[in-house]
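Only one structure is covered here, and it is reproduced in the block below.
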Amino acid sequence: MQRGTNLPALGGYNQAVILDLIRRSGSGLSRVELAGETGLSGQTVSNVTKRLLEDGIIHESGKSSTGPGKPRTILQLESRARVAIGVHLDPSVITYVLVDLEGAVIGHRRSLTPSPIDPVSAIATVVAAIDALTAEAGIDRERVLGVGIAAPGPIDADRGILIAPPLLVGWDRVSLRDALIEATGLPVVLEKDVTAAAVAELWLQSGPSRDNFAFLYYGTGIGIGLALEHEVLRGASRNAGDAGHIMVADDGPLCECGLHGCLGNLVQPKALVTDAIASGLFDGPEVADEAAAVIGDGSELDAARVLLGMELIAALASRGDPRAGAVLHGVASHIARALVTIVNLLDIDHVVFGGPFWSPIAAVVLAEMPELIAKHPALVQPHPVVVTDSASGDDVTAIGAACLVLDHTFSPRPAALLISATR
């Protein structure tokens, strides 16, 4: 339990402690209960809640009597009083969400990322989508706390810069955060995509299953978000989670890094669909229409066709096609081997899966994953490893980006656990 302080200089911290408790309570808390939970004086609690009531952030929701004495007034969060925007910039898909103070999605947009896309047009696209999202929801701009944007790494979080993301050509040293601040007039926080996904799980889920976990992000590339002791693990440069070059197959194909058998090469959705086309997996007459939509005119696969291809591979596997089944078994086996390395290294007991390309293969791959991890000869941990889908679905990374903004409002941690760079 986070304890407050009665020092006037830390009034913002006290407010965050109280807000966080009210948010997590669900049914609300009285001032007496807030004082007991935080260790703050009754006067401090009264002063803070008075400000929150005046700002419309909380409301009084009735009385509660738990014994002798005067009934207590219950305080609850006014969830729609403020909102946050989350943007997930994936090389294949751009996702936008509008969330309320509880993290519930109240607005959503998604579009394919043009290929190629230059930073100037991308920023214009994002700004237009943000304007449309708030207009559709009927949200006044003054109610928007800020924008969180999740992007592929590596990033310079302190300066809000993307540093040559390998799947975004021409994006070296792009000052994405400052450009969006200037274009929107809103506070902006930039975070690595896999870290944002882990933030969403921490923010929206509770209990020991979210104390030590890995988030397996399956998008245009593959990455892993990490949380230890209920805190996001970022690393020295805040770029932790690059799992693409974990070696999982001794005889695997040559990677551009010069090594063989890198995880990213073996499970990347575009590579899987490209190989499926080349190997004739989609040649059967029973899937002719679906295959035509994937193959198109034979040009380089775009995100929409890759997604259709992944759906077709999963459909064939579910119908008992041995070649499609082998493709997904390979994906599951390679990911499991990488996860065993991470479980052993960090003593993780829970793995959450999600990302833009995860849904099509989730049922097949997730069914195999527990046994592949548990029976892997390299596993040394004595505890079981639980595997689950993300409760937030395909939008988890955008939701996590928005939750970074919410955390700036709610976090009672002096060092701000989740927020890493805001303006």
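The values are calculated or read from the model by the stated rules, or taken from the named source; none is laboratory data. This structure is a prediction, so every number in the text was calculated from the model and none was measured. So basically every Cβ, Gly included, is an ideal-geometry build from the backbone, and we count neighbours across all protein chains shown.
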Could you tell me whether the range 322-336 includes any residue that is polar (S, T, N, Q) and either more than 24 Å from V194 (Cβ to Cβ) or over 22 Å from the mean Cα position of the chain (by Cα) (or both)?
yes
Number of the exception - S79 against (1) modelled with pLDDT of 90 or more; (2) assigned to a loop (DSSP other than H, G, I, E, B); (3) touching an Asp or Glu at 6+ places or on another chain (Cβ under 9 Å):
(1)
Which one of these is in the same structural domain as G185 (by TED's automatic domain parsing) and free of Cβ contacts under 8 Å to residues at least 12 places away in the same chain: D140, D90?
D140
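Kindly indicate which of R110, R80, R173 is under 30 Å from S27 (Cα atoms) and either surrounded by fewer than 18 Cβ atoms within 10 Å (Cβ to Cβ) or within 16 Å of the chain's Cα centre (by Cα) (or both). Outline the logic, then answer.
Details: R110 fails: under 30 Å from S27 (Cα atoms); R173 fails: under 30 Å from S27 (Cα atoms).
Exactly one residue qualifies, and that residue is R80.
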Looking at D100, is it surrounded by 18 or more Cβ atoms within 10 Å (Cβ to Cβ) and out of contact with any strand residue (DSSP E or B) (no Cβ under 8 Å at 6 or more places or on another chain)?
no
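Only one of V343, V364, V287 is under 26 Å from A150 (Cα atoms), outside the structural domain of T113 (by TED's automatic domain parsing) and either surrounded by 13 or more Cβ atoms within 10 Å (Cβ to Cβ) or not acidic (D, E) (or both); which? Step through it out loud before you land on a result.
Working: V364 fails: under 26 Å from A150 (Cα atoms); V287 fails: under 26 Å from A150 (Cα atoms).
When all the criteria are applied, what remains is V343.
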Quick check: is even one residue across the range 380-391 touching a Gly at 6+ places or on another chain (Cβ under 7 Å), polar (S, T, N, Q) and under 19 Å from G223 (Cβ atoms)?
yes
Among (1) surrounded by 19 or more Cβ atoms within 10 Å (Cβ to Cβ); (2) out of contact with any helix residue (DSSP H, G or I) (no Cβ under 8 Å at 6 or more places or on another chain), which single condition is A292 missing?
(1)
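Okay, residues lined up against (1) of a type in the set (S, T, N, Q); (2) under 26 Å from T113 (Cα atoms); (3) part of a strand (DSSP E or B); (4) at pLDDT 90 or above:
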site: R177; (1), (2), (3), (4): no, yes, no, yes
site: E182; (1), (2), (3), (4): no, yes, no, yes
site: T195; (1), (2), (3), (4): yes, yes, no, yes
site: W203; (1), (2), (3), (4): no, no, no, no
site: L216; (1), (2), (3), (4): no, yes, yes, yes
site: T220; (1), (2), (3), (4): yes, yes, no, no
site: G223; (1), (2), (3), (4): no, yes, yes, yes
site: G235; (1), (2), (3), (4): no, no, no, yes
Within the range 20-38, is there a residue that is within 20 Å of P71 (Cβ to Cβ), of a type in the set (V, I, T) and under 31 Å from the mean Cα position of the chain (by Cα)?
yes
Do the conditions hold for F353, that is, is it among the aromatic types (F, W, Y), crowded, with 22+ Cβ neighbours inside 10 Å and modelled with pLDDT of 95 or more?
yes
Which one of the conditions (1) assigned by TED's automatic domain parsing to the domain that holds I18; (2) on the phi > 0 side of the Ramachandran plot does K70 fail to meet, given that it meets all the rest?
(2)
What do you reckon, is G138 at pLDDT below 95, on the phi > 0 side of the Ramachandran plot and of a type in the set (G, A, S)?
yes
Do we have any residue at all in the range 118-126 that's surrounded by fewer than 18 Cβ atoms within 10 Å (Cβ to Cβ), hydroxyl-bearing (S, T, Y) and out of contact with any strand residue (DSSP E or B) (no Cβ under 9 Å at 6 or more places or on another chain)?
yes
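Assess whether V93 counts as being within 30 Å of V126 (Cα to Cα) and crowded, with 16+ Cβ neighbours inside 10 Å. Write out each step before concluding.
Numbers: within 30 Å of V126 (Cα to Cα): yes; crowded, with 16+ Cβ neighbours inside 10 Å: yes.
When the stated conditions are applied, V93 passes them.
If only one of G28, G62, G36 is among the small types (G, A, S) and surrounded by 14 or more Cβ atoms within 10 Å (Cβ to Cβ), which one is it?
One residue alone meets the criteria, G28.
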